[in-house]
1. Can you list the lysines whose alpha carbon is less than 17 Å from that of K124, not counting same-chain residues fewer than 8 positions off?
2. Please check which bits of the stretch 147-189 a label hung off A29 would reach, taking the label as a point 7 Å along Cα-to-C-beta and the cut-off as backbone N under 19 Å.
3. Return the label of the correct value of Cα extents along the principal axes in Å, as calculated from the structure shown, out of [x] 68, 53, 46; [y] 61, 51, 42; [z] 70, 65, 39.
4. Provide the per-residue ³J(HN,Hα) series for the stretch 207-214, in order, calculated from phi with Karplus coefficients 6.51, -1.76, 1.60 and θ = phi - 60°, each as a whole number of Hz, with x at glycine and proline positions.
5. Counting GluC sites (Glu not before Pro) as exposed when in a DSSP loop with at most 15 other beta carbons within 10 Å, what is the longest stretch of the chain free of them?
6. Taking amide H atoms as placed 1.01 Å from N in the peptide plane, list the residues 5 or more away in sequence, or in a different chain, whose amide H sits under 5 Å from that of I292.
7. Go through the stretch 165-176 residue by residue and turn each phi into a ³J(HN,Hα) via Karplus (6.51, -1.76, 1.60, θ = phi - 60°); whole Hz please, and just put x for glycine and proline.
8. Helix-derived [θ] at 222 nm for the chain: sum -39500 (n - 2.57) over DSSP H runs of at least 4, divide by residue count, nearest 500?
Amino acid sequence: MQGRAAVFVALPLLLVTSAAWGQEAARPAILFNRWQEDWSILANPAVPHEALDSLKYMPLAADAYLSLGLDLRERFEGNDAVNFGVGGTKPEDYVISRLEAHADLRVDDFQVFVQLESAFAPGKIVLTPVDQDRLALEQAFVAYTTTIGDGTLQLRAGRQQIAFDLQRFISVRDGPNLRQSYDALWADYELAEWQFSSFYSQPVQNRDLRIFDDYSSNHLTYGGARAEYKLTENSSISATLSQFKQNNAHFPSISGNELRNILDVHYSGAVNGFDWDAEGMGQVGHIADESIRAWAVGSRAGYTFTDIAWSPRIGLQADAASGNSNPHGGTFGTFNPLFPNGYYVTLSGYTGYTNFIHVKPSVTLTPTPSLTVLLAVAPQWRETTADAVYTQPDIGVPGTPGHGSSYTGTYFQTRFDWRINSHLTAAVEAVHFDIGDTIRQLGGHDGNYVGVEGKFGW
């Protein structure tokens, strides 16, 4: 950890941006998906340069270059109510540390992207599969881009990351320490306002028995097709048909091989200060000898007062997902959130996107262009008391199925996000969860979570 801390402190000091270059041409931004960056613009002498740019853009030929980069994320987390303290879980204070390094080779219409990951969780008592991986191949794919007719086709093959929309259900899983990768074949075709995608994947499972031992198999697969139409400059609608298969799945009331055929519809946009994002997903199929009928809806909407100090945004989030209302009825109703991103609700992990109803009013303030502050409160209930209370991602709290009332509790969230410069960001998130009687009667207690995070990208 001492070596990583030195990297975290020293590297930003080497990367000094000079304002003397003016605004003729901008440097590429550090993106969430690093493979989408194009550093060939550094060939232009009018672009502001920084130290180590000789490693960001290494020309190999007239139409070829190599680029290197890295990301470092350090987050302290304190949680005094893992699983709300039910089952004897103890408070934890620990650090999650993730270092990613990548190489991006571009040759004409081809791209080869390789990214390594090293992640540790010092101080964490119970390590889960998303906490630690000493050294792993996070991404390694080949992409080819070409023009067909009036549109653009891109093909990708290999280990890569997949995310849709707000990442409610299909995500890169950036909240925990280890991101979710997929060994996948992917095809995109963009034509005017349309984008068509098809994919087949075997999601990567983290093991950490030795280095480079993560794996995928046909025991867990996800694939489908998606169409998205851009209605206006700031609004779009999409539909995705997909299939999820998992052998030996486990839920509180049933275990067995699981197959879900899925329809997802998403609509988002922004106009005149208003913004909105709505999504609905239906799942049918079977698990063991029971048929599946499950659903979920999610929405966010808000209005930003741009003519008021700190540009307050008043927001409302409403979400719901089905539970299993009759454990002996032959139909299984528990929604599977697939590959959710913890950021969508909170980082505390107290709330899973399964068998719940969730209403979250919020206020977001922007005191400076680089600082945002979120204040929110959210009561939540179970969709059916016959099923469990679930924590992130879909872990049932022991003893809750068939017990107590529908009210689960109310949480209060505060979050600060600070963009220090083009390479450094920081965030602080605090959550207090005031549990209802259902969990308290099982020996649970209120939860308090705090996360303090620093991120560096180069």
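1. K90
2. Label zone hits: 163-167, 172, 174.
3. [x]
4. 10, 6, 7, 7, 6, 6, 10, 5
5. Values: sites that count: E24, E193, E233.
It runs 234-458.
6. The answer is G285, H286, I287, F332.
7. 6, 7, 6, 4, 10, 10, 9, 7, 6, 7, x, x
8. On the way: 3 runs with 21 residues, N = 458.
Dividing the helical sum by the residues of the chain leaves -1000 deg cm²/dmol.
Bear in mind these aren't lab numbers, they're just calculated from the coordinates by the rules spelled out. Just so we're clear, the structure is a prediction, and the values are computed from it rather than from any experiment. All Cβ positions, glycine included, derive from the backbone under ideal geometry; neighbour counts span all protein chains shown.
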